[in-house]
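The values are calculated or read from the model by the stated rules, or taken from the named source; none is laboratory data. These numbers were taken from a predicted model, which means no experiment stands behind them. For neighbour counting, all protein chains shown are included, and Cβ atoms are generated from backbone atoms with ideal geometry for every residue, glycine included.
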Amino acid sequence: MHSDIASYMLPVSQIKTEPLLKRFGKKAKLQEVVFEVEIAAATAESELLAEQAATAGEFTILVQPNHFTVKATYRNKTIEVTSFESYVERTIAVPEDVDCSQITTAVVIEPDGNTRHVPTKIVIEGGKNYAKVNSLTNSRFVLVGHSAQFADMAGHWAREAVNDLGSRMIIQGNSSGCFNPNQSITRAEYTDAIVKGLGLKPQSGITPFPDVNKADWFSCSANAAYTYGLISGLADGKFHPADFITREQAIEIIAKAMKLTGLRAKLLFTSDSASAEQTLSAFIDAGLISGCAKSSVNDCLQAGIIVGMTGAELAPKTYISKAEAAIIVRRLLMKSGLI
């Protein structure tokens with residue numbers, strides 16, 4: 001669906017008709033359901049909400065909100081389709097008077113004013129600039145500028161990745177403006193970065209883990225990660241949020257995220273037939289990898305998301321640093337074509 005301000009590529013398979021029909025009632029017939037797809041420019045109300053969010057989030061609005069909605073109507077009842085099982089692409093036209101180099105990402109602005117990053121990349125088509133925005137939900141999307149330059153990243157090998165994720169509002173520094181890149185990252189911090197990087201909607205409510213409280217800063221991210229099958233807890237069923245995460249554990253979560261982004265399915269057609277054992281045999285410490293994690297490590301190696309700590313070592317039991325975490329989250333998004 002195309003308009004002057006944006007386009008919307010919505011696979012029909014993403015509209016799950018059976019759940020809709022159940023909500024309409026037992027007698028509802030699919031051929032009588034009317035679907036409406038809408039692209040709408042900003043209203044005065046949404047512009048005000050965006051301005052308030054920009055002030056709170058310390059970012060600059062570069063292109064005003066665009067609303068994307070899908071509605072299903074059966075007789076007198078209308079249901080809005082707000083979420084999908086895989087990423088749906090929207091393309092937003094960038095006005096000629098906007099400097100594309102200043103656009104760092106698109107954000108979703110929720111009705112309550114909260115914002116979240118959604119994977120975004122700038123492309124040129126037909127001599128014009130566009131922002132391709134991929135999201136698992138419908139909402140109002142705003143193109144923004146938010147430059148992040150962490151004080152302790154100058155000269156660091158992960159500087160580009162860390163500052164990029166900071167500019168996209170995926171990661172944050174401390175009160176002193178530092179990121180502490182060489183510090184080990186906790187399971188809570190890593191999960192939060194993955195959820196924000198993928199643009200998943202935080203989910204409030206009771207958590208599935210006995211060691212996560214509803215009031216914990218990371219509880220909504222943990223809930224979202226659990227809902228999308230990215231985490232399931234450790235052997236004891238707990239999340240262990242304050243524990244540092246090992247490279248092996250971090251890779252397992254990334255491998256699950258690869259399925260969500262569609263990268264795993266793409267690999268099935270582009271990878272060779274080598275087994276995980278054969279791929280891992282090039283590393284002298286492959287025997288340290290847990291049996292359940294070998295396929296995940298293999299997938300991430302083939303996708304180019306991870307490399308060895310050295311030419312011959314994977315160091316699966318070593319704690320991963322914040323800089324390494326930023327690198328692999330960014331690679332996941334780039335290899336998946338989302339940024």
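What the table below lists for this structure:
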{"quantity": "Selection within the stretch 98-144 - in a loop (DSSP other than H, G, I, E, B), surrounded by fewer than 17 Cβ atoms within 10 Å (Cβ to Cβ) and of a type outside the set (Asp, Glu)", "calculated": "VAL98, PRO111, GLY113, ASN114, GLY126, GLY127"}
{"quantity": "Matching option when the condition is assigned to a strand (DSSP E or B), touching a Leu at 6+ places or on another chain (Cβ under 6 Å) and either at pLDDT 95 or above or farther than 20 Å from HIS117 by Cβ (or both), among ALA40, ALA72", "calculated": "ALA72"}
{"quantity": "Residue under evaluation GLY197, criteria (1) out of contact with any helix residue (DSSP H, G or I) (no Cβ under 6 Å at 6 or more places or on another chain); (2) assigned to a helix (DSSP H, G or I), criterion not met", "calculated": "(1)"}
{"quantity": "Sole exception among (1) modelled with pLDDT of 95 or more; (2) more than 21 Å from ARG116 (Cβ to Cβ) for TYR190, by number", "calculated": "(2)"}
{"quantity": "Close pairs from the stretch 199-213: first touching a residue at least 40 places away in the same chain (Cβ under 8 Å), partner assigned to a loop (DSSP other than H, G, I, E, B) and buried (at least 17 other Cβ atoms within 10 Å of the Cβ), Cβ under 8 Å, at least 6 apart", "calculated": "GLY199/PRO119; LEU200/TYR228"}
{"quantity": "Residue in the stretch 223-237 that is surrounded by 19 or more Cβ atoms within 10 Å (Cβ to Cβ), outside the structural domain of SER135 (by TED's automatic domain parsing), over 26 Å from CYS292 (Cβ atoms) and modelled with pLDDT of 95 or more present", "calculated": "no"}
{"quantity": "Hey, MET258 part of a helix (DSSP H, G or I), surrounded by 15 or more Cβ atoms within 10 Å (Cβ to Cβ), without any contact (Cβ under 8 Å) to a residue 12 or more places away in the chain and not basic (Lys, Arg) or not", "calculated": "no"}
{"quantity": "First in the stretch 1-13 and part of a strand (DSSP E or B), second anywhere and modelled with pLDDT of 90 or more and exposed (fewer than 12 other Cβ atoms within 10 Å of the Cβ), Cβ under 8 Å, 6 or more apart", "calculated": "none"}
{"quantity": "Close pairs (9 angstrom Cβ cut-off, 6 or more residues apart or separate chains): free of Cβ contacts under 8 Å to residues at least 12 places away in the same chain in the stretch 234-246, surrounded by 15 or more Cβ atoms within 10 Å (Cβ to Cβ) and of a type outside the set (D, E, K, R) anywhere", "calculated": "LEU234/HIS240; LEU234/GLN249"}
{"quantity": "Residue list for the stretch 287-318, restricted to those being of a type in the set (A, V, I, L, M, F, W, C) and more than 15 Å from THR246 (Cβ to Cβ)", "calculated": "LEU301, ALA303, ILE305, VAL307, ALA312"}
{"quantity": "Pairs, first closer than 26 Å to THR91 by Cβ in the stretch 65-79, second hydroxyl-bearing (Ser, Thr, Tyr), C-beta under 6 Å, six or more apart", "calculated": "PRO65/SER46; PHE68/TYR8; LYS71/THR78"}
{"quantity": "Among (1) within 24 Å of GLY308 (Cβ to Cβ); (2) modelled with pLDDT of 95 or more, the one test that ARG264 misses", "calculated": "(2)"}
{"quantity": "Members of the stretch 145-194 found to be of a type in the set (A, V, I, L, M) and assigned to a loop (DSSP other than H, G, I, E, B), listed by number", "calculated": "ALA148, ALA151, MET153, ALA154, ALA158, MET169, ILE170, ILE171, ILE185"}
{"quantity": "Condition met for GLN302 (in contact with a Phe, Trp or Tyr (Cβ under 9 Å, 6 or more places away or on another chain) and not aromatic (Phe, Trp, Tyr))", "calculated": "no"}
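Conditions tested, residue by residue: (1) touching a Pro at 6+ places or on another chain (Cβ under 8 Å); (2) modelled with pLDDT of 95 or more; (3) farther than 19 Å from THR120 by Cα.
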residue: LYS27; (1), (2), (3): no, no, yes
residue: PHE35; (1), (2), (3): no, no, yes
residue: GLY57; (1), (2), (3): no, no, no
residue: VAL63; (1), (2), (3): yes, yes, no
